[in-house]
Amino acid sequence: MTEGTLLVVLAAGLFLVSPIVTAFTIAFFVAVGLILQRLLSGWAGRVGQRATHAEVASYSVIQEALRTYRETVVAHRRADYVSRFQAVRWESAQVQADLQFMSLVPKYVFEIALVIGAALLAGSQLLTKDVSAAIAIIALFLAAGSRVVPSMLRLQGAMITIRGGAGQAAPTYELADELGQLGGGSGTPDPALPPAEIKARLIAGHGDFDPSISLKGIRLAYPGSEALALDDVTLDISAGRSLALVGPTGAGKSTLADVILGVLQADSGEALVGGQHPLTAVARWPGAIAYVPQDVAMANGTVRENVALGLPLEAIDDSWVWDALERAHLAVFLRDNREGLDTLIGEHGLKLSGGQRQRLGVARALYSRPKLLVLDEATSALDAETERIISMTLASLEGQVTTVTVAHRLATIMHCDSIAYLENGRVTAFGTFDEVRAMEPNFDHQARLLGL
């Protein structure tokens, strides 16, 4: 706005002195600016997109190298990651070089344009006017141009910066649109609640939340795949009951769990939790639904921060954290061998074993005292004794908490109220453990192999 206002005032003053020179100056520099903008704008957008992709690729390579460090050392492939990292950083360096070059181009273009414009004006004026008048007009043009060019450069630089920033932001906007479509809304998160209100809500419990599950005709296919990951799945689970999802790898168990949680939206059919869309239930009763994945994500912080993941410190109740750790069979270890709730777990939980990370994930889910608990192979990394203790903890919730368990270990789901056997995205058998054995030969065969 400042540069634009300055140019308007300058043009008005020059117009009073010499309308012809003013018209020529405006037309000439506007033409140069538009041509330059047209040439650089698209380039700036593409460079901005390249910059974002290069940064994302850099972080991805680093994280992948850290997660797979043992495997790459044993396979003698560390040099491959070094080469990949060099490639993406070289791309980033080229992007920075392009940005630097692009910022210099307008300066030289406008300086050359000023000389060319003066030459054209000089030729036309010397042919039509006497020397003194021509020199006066040329001097006026140069004086005006020397003041116009810096403003044009700043305007041009601002436009290039905006265009480059738009290119860098494009992936973020695309992700926001995808999240908005996923949630069936605008993708704008709810405003953060004050810590005191968060704590009060947790203490008050989950009120009238009904942890029943109703799935009707659920069909879902992943993008780019013609095969259905879920095919006409219909299930009804009453509040306080336990459901186990079993079946071969790729049968759709984790996908179905994601639909129940609202993480995935079915292409057709209806998924309800307590009569509400899962995401509506999550927003209305935060903490009433909890999830324990097989691979528990860890934040680089303390045990306290990981158990009460995402909550501000002022909203965390240490007694609740200890209670959750007790039920996850991790409290004794932290008291005896570490610094209690202030124990730092390291990036990705590197200071904990796989079983300890999984127990921490169970504690995280139990912290908010949920009414619906979804477990996806949540005890796969535990030793038999710890698994038995945690299974007893989960069994103690029966009647109060609805549980959905994705499991391959059949011994862990023998006592579930209902078992759904999935194959190729379809529920081929549903009932008690013994009923499913009678209906599904593959399930019976697995049980026999395990001596059940």
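Out of the residues in segment 242-263 that are over 25 Å from the mean Cα position of the chain (by Cα) and in a loop (DSSP other than H, G, I, E, B), state the one that is surrounded by the most Cβ atoms within 10 Å (Cβ to Cβ).
The extreme case among them is 247.
Residues checked against (1) surrounded by 14 or more Cβ atoms within 10 Å (Cβ to Cβ); (2) modelled with pLDDT under 75; (3) of a type outside the set (Val, Ile, Thr):
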site: 118; (1), (2), (3): yes, no, yes
site: 135; (1), (2), (3): yes, no, no
site: 143; (1), (2), (3): no, no, yes
site: 180; (1), (2), (3): no, yes, yes
site: 183; (1), (2), (3): yes, yes, yes
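Answer with yes or no whether residue 21 is more than 30 Å from the chain's Cα centre (by Cα), of a type outside the set (Lys, Arg) and modelled with pLDDT under 80.
yes
Name the single residue, out of those in segment 369-415 being under 20 Å from residue 252 (Cβ atoms) and in a helix (DSSP H, G or I), that is modelled with the highest pLDDT.
413
May I ask you to list the residues in segment 301-329 that are closer than 23 Å to residue 67 by Cβ and either in a helix (DSSP H, G or I) or in contact with a Ser or Thr (Cβ under 9 Å, 6 or more places away or on another chain) (or both)?
302, 303, 305, 306, 307
May I ask you to say which residue of 44, 11, 113, 54 is over 16 Å from residue 153 (Cα atoms) and modelled with pLDDT of 80 or more?
Checking each option against the conditions leaves just 54.
Does segment 264-289 hold any residues that are surrounded by fewer than 16 Cβ atoms within 10 Å (Cβ to Cβ), more than 19 Å from the chain's Cα centre (by Cα) and in a helix (DSSP H, G or I), and which are they?
Residue satisfying the conditions is 284 alone.
Working only within segment 432-448, note down all residues that are crowded, with 16+ Cβ neighbours inside 10 Å and hydrophobic (A, V, I, L, M, F, W, C).
Answer for segment 432-448, where residues must be crowded, with 16+ Cβ neighbours inside 10 Å and hydrophobic (A, V, I, L, M, F, W, C): 433, 436, 443, 447.
Taking interchain pairs and intrachain pairs at least six residues apart, which have beta carbon atoms under 6 angstrom, with the first residue in segment 290-311 and buried (at least 18 other Cβ atoms within 10 Å of the Cβ) and the second part of a loop (DSSP other than H, G, I, E, B) and of a type in the set (S, T, N, Q)?
Between residues of segment 290-311 that are buried (at least 18 other Cβ atoms within 10 Å of the Cβ) and residues that are part of a loop (DSSP other than H, G, I, E, B) and of a type in the set (S, T, N, Q), the close pairs are 303/343.
Between a residue in segment 424-452 that is of a type in the set (Val, Ile, Thr) and any residue that is assigned to a helix (DSSP H, G or I), which pairs come within a Cβ distance under 8 Å, given they are 6 or more apart or on different chains?
428/439; 436/443
Does segment 202-229 hold any residues that are surrounded by fewer than 18 Cβ atoms within 10 Å (Cβ to Cβ) and not in a loop (DSSP other than H, G, I, E, B), and which are they?
Scanning segment 202-229 gives 203, 204, 214, 216, 217, 219.
Look through segment 361-388, keep the residues that are out of contact with any strand residue (DSSP E or B) (no Cβ under 7 Å at 6 or more places or on another chain) and farther than 21 Å from residue 349 by Cβ, and return whichever of them is surrounded by the most Cβ atoms within 10 Å (Cβ to Cβ).
369
Looking at segment 73-91, is at least one residue in contact (Cβ under 8 Å) with a residue 24 or more places away in the chain, out of contact with any Asp or Glu (no Cβ under 8 Å at 6 or more places or on another chain), of a type in the set (S, T, N, Q) and part of a helix (DSSP H, G or I)?
The answer is no, given that none of the residues of segment 73-91 is in contact (Cβ under 8 Å) with a residue 24 or more places away in the chain, out of contact with any Asp or Glu (no Cβ under 8 Å at 6 or more places or on another chain), of a type in the set (S, T, N, Q) and part of a helix (DSSP H, G or I).
Could you tell me which residue of segment 330-363 is nearest to residue 376 (Cα to Cα), considering only residues that are of a type in the set (S, T, N, Q), in contact (Cβ under 8 Å) with a residue 12 or more places away in the chain and outside any loop (DSSP other than H, G, I, E, B)?
Result: 358.
The values are calculated or read from the model by the stated rules, or taken from the named source; none is laboratory data. Keep in mind it's a predicted model, so treat the numbers as computed, not measured. Note that we place each Cβ from the backbone using ideal geometry, even for glycine, and neighbour counts take in every protein chain shown.
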